[in-house]
Amino acid sequence: MDTFSKLGWFFKAHRKRYALGITALVLTSAANLVSPRILGMMADQLDTGKISWQQFFSYVLAILLAALALYVCRYFWRKQIYGGAAILEKELRGRLFWHFMQMDRTFFQRYRTGDLMARATNDVQAVQNVAGDGILTLIDAIFTGGTTLLAMMILVDWRLTLAAMLPLPLLAFCARYLGDRLHDAYMDSQAAFSRLNNKTQESLSGIKVLKTFGQGKEDAAAFNKMTYETVDINKKVFRIDSLYDPMITMIIGITYIITIIYGGRLVLSKSISLGQLISFLSYIGAMVWPMFAIGYLFNVLERGSASYDRIMSLLNEKSLIVDSDSMDKEQKLTGDLRYHVTSFAYPDEPDKAALGGVDFDLKNGQTIGLVGRVGSGKTTIIQLLMREFDNYKGRITFAGHDIRQIPLDVYLKEISYVPQNNFLFSMSVRDNIAFAKPDASQVEVEAAAKKSAIHDDILAFPNGYETMIGENGVSLSGGQKQRMSIARALLHDSEILILDDALSAVDAKTEKAILTKLRQEREKKITVIAAHRLSSVMDADLILVMQDGQVAERGTHEELLAKGGWYAQMWQRQELAQKVGEDDDE
């Protein structure tokens with residue numbers, strides 16, 4: 001019953017609903033006792049030949065009224081109890097989804113997407129069953145079984161009842177023993193389902209890569225192997241679970257044997273009548289479901305307990321990013337950006353410095369360019385700026401406030417971010433561009449598309465701006481996805497725009513057109529551009545050349561060329577590569 005105590009917070013909040021549902025369920029149990037009793041009375045009168053037609057129809061009418069009462073009570077308890085279970089499912093899914101929205105990057109590095117999806121679906125369903133079928137089987141086991149036992153003792157014979165119930169302690173012992181084993185088995189089963197779910201999600205997301213490299217058969221084989229492993233783990237669950245029904249059937253069989261032998265002797269000795277024995281056998285039939293319910297109850301509770309523990313392990317995770325409530329959530333921020341980080345290490349590699357000695361100031365209207373080799377620290381600078389990590393030494397301020405002291409809802413709405421690997425939603429082109437500003441007019445959407453040089457491409461789509469794109473823009477080219485994401489960022493019109501290698505998939509001519517529009521649009525706002533192509537940052541007010549998390553060179557385009565360092569060498573190489581490409585085109 002530990003599972004019910006875990007859900008005590010929910011049952012307490014919805015106690016009225018469950019009180020009404022349980023009351024209706026108890027009345028259902030009581031109504032179930034009427035028909036066996038009436039059948040026994042009819043049998044006694046038929047045995048003596050003293051029943052009249054009036055009495056016969058009265059008995060039939062009483063049975064029909066009991067059936068009607070059963071119908072009404074069953075409808076009511078199902079509405080209240082199963083309705084409560086649906087509310088629990090809604091609350092748990094909502095809590096999990098909101099929790100995911102609040103968690104930091106390290107959380108999603110520890111948990112894979114498929115595992116999170118499994119806990120938000122399969123595990124929530126298992127917990128919901130506790131609040132639905134679990135309550136039903138518990139009340140049936142207690143009240144239906146209990147009232148039936150009382151009826152057997154009061155209306156028939158207490159000695160026969162005690163004799164028939166002798167096998168019950170065996171049921172309790174076996175249920176307890178199997179329940180402990182079932183809990184552990186279900187934990188393994190749910191974990192296996194999470195792994196399988198994650199494999200499915202990962203393979204579908206990477207279907208292009210699998211086909212391109214001809215790894216479809218190998219991946220299918222790996223999936224089949226994981227499926228078989230999951231089946232083997234679940235076989236253990238089924239083996240333990242399958243022991244319940246035979247055990248209960250055996251106990252019920254023993255009960256019938258005792259009843260027939262001992263009850264027959266009581267009838268012969270005139271201690272009870274034949275009608276009472278028939279009623280008793282009917283009551284034993286009514287006890288079959290409560291006894292099976294005990295086995296089903298342990299199944300539901302152990303599965304629910306294992307799933308609830310898995311859900312709570314997620315909800316108990318704490319984000320390393322602590323939100324602040326030091327200012328009004330509706331406050332608008334604008335001003336300079338000051339970035340002074342003396343050192344930073346990722347939480348999973350605390351002894352390895354990822355960033356150090358990064359220092360720059362940006363005023364409204366200024367642009368900074370971040371360049372350097374892969375892994376030099378460009379993205380790390382952006383991650384700290386976007387508050388994906390707060391465990392750095394130093395201070396980053398915006399509009400005079402330490403960003404760690406600005407509420408996330410206030411700070412993040414002042415940032416527009418365009419990564420290299422853009423994410424588009426499975427909805428229309430227009431809705432994707434207007435994602436951060438759903439009430440934007442068509443004129444505003446088209447203006448943003450023109451600034452990012454995607455407008456003409458959109459007009460060529462089958463339905464223009466109403467064209468539905470596939471999941472994550474599967475039907476679009478890399479350059480189209482990048483430009484559409486830039487349009488989305490420009491429509492948001494935030495104080496800080498971050499382009500993280502966001503122009504890598506467009507040609508030089510398109511890149512130049514987009515950057516020209518950006519300079520015109522963001523004369524009074526801050527822009528951060530991280531790029532491998534140096535032409536993306538050549539007009540920036542400040543360029544930082546990163547190397548091993550440190551600033552190796554800094555200055556404007558002209559100043560860095562004059563220094564003759566890494567930037568100047570890379571510029572010459574890229575200029576030469578561009579000229580060679582142009583010659584090839586000619």
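Laboratory data are not the source of any read-out in this text; all were calculated from the coordinates shown. Predicted model, so just to flag it, every value in this text is computed and none were measured. Virtual Cβ from ideal backbone geometry, glycine too; neighbours counted across all protein chains shown.
Suppose we look only past 37 Å in the calculated P(r) of the chain. What percent of the Cα-Cα pairs does that tail hold?
On the way: 94429 of 171405 pairs.
Value for the chain: 55 percent of Cα pairs lie more than 37 Å apart.
Legend: Rg and Dmax of the stretch 2-315, from Cα coordinates, 25.5, 88 Å.
With the convex hull of its Cα atoms as the shape, the stretch 10-127 has an orientation-averaged projected area of 10.5 nm². Computed on the Cα atoms alone, the convex hull of the stretch 364-514 gives a volume of 135 cubic angstrom per residue.
Plainly put, the stretch 314-449 has a radius of gyration that is 0.99 times its Kirkwood radius, both from alpha-carbon atoms, as the Rg/Rh ratio.
For the chain, find the longest principal axis of its Cα atoms and tell me its angle to the long axis of helix 274-315, 0 to 90°, nearest 10. Orientation of helix 274-315: about 20 degrees from the principal axis. For the chain, the longest principal axis of the Cα atoms and the long axis of helix 478-492 meet at an angle of about 90 degrees.
On the beta carbon distance between Leu576 and Ala513, with R0 = 35 Å, the FRET formula returns roughly 0.90.
Ordering Ser319, Ser189 by the number of other Cβ atoms within 10 Å of each residue's own Cβ, fewest first, gives Ser319, Ser189. Taking amide H as placed 1.01 Å from N in the peptide plane, Asp500 has its amide H under 5 Å from the amide H of Val418, Gln420, Ala530, each at least 5 places away in sequence or on another chain.
Normalised by the residues of the stretch 2-315, what does the relative contact order come to in percent, with Cα pairs under 8 Å and at least six apart? Answer for the stretch 2-315 is 33 percent.
With r defined as the distance between the Cβ atoms of Ser5 and Met327 and R0 fixed at 41 Å, what FRET efficiency is calculated, to the nearest 0.05? Please report the intermediate quantities before stating the final value.
On the way: r = 41 Å, r/R0 = 1.00.
After rounding to 0.05, the efficiency reads 0.50.
For Ala354, the residues whose modelled amide H falls within less than 5 Å of its own, excluding neighbours fewer than 5 places apart on the same chain, are Phe344, Ala345, Tyr346.
Once every Cα of the stretch 489-586 carries one equal point scatterer and solvent is ignored, give the base-10 log of I(q)/I(0) from the Debye formula at q = 0.18, 0.19, 0.20 Å⁻¹, two decimals. For the stretch 489-586 at q = 0.18, 0.19, 0.20 Å⁻¹, log10 I(q)/I(0) is -0.95, -1.04, -1.12. Per-residue Cβ neighbour counts within 10 Å put Met427, Met247 in the sequence Met427, Met247, beginning with the fewest. Note on the chain: dipole from Cβ charges, positive end direction compared against Val130, Ala67, Ala220; the farthest Cα belongs to Ala67.
Give me the extension gain from Ala353 to Gln215: residue separation times 0.36 nm, minus the current Cα-Cα distance, reported in nm with one decimal. Please list the in-between numbers first.
Working: separation 138, 0.36 × 138 = 49.68 nm, distance 3.71 nm.
In short, 46.0 nm is gained.
Its DSSP H runs of at least 4 residues, each contributing -39,500 (n - 2.57), put the calculated 222 nm mean residue ellipticity of the chain at -19500 deg cm²/dmol, to the nearest 500.
Got the relative contact order for the stretch 234-384 handy, in percent, Cα pairs under 8 Å and 6 or more residues apart? The value is 13 percent.
Among DSSP beta bridges lying fully in the chain, give the percent that are antiparallel, nearest 5. Please list the in-between numbers first.
Values: 22 of 40 bridges.
If we restrict to bridges inside the chain, about 55 percent are antiparallel.
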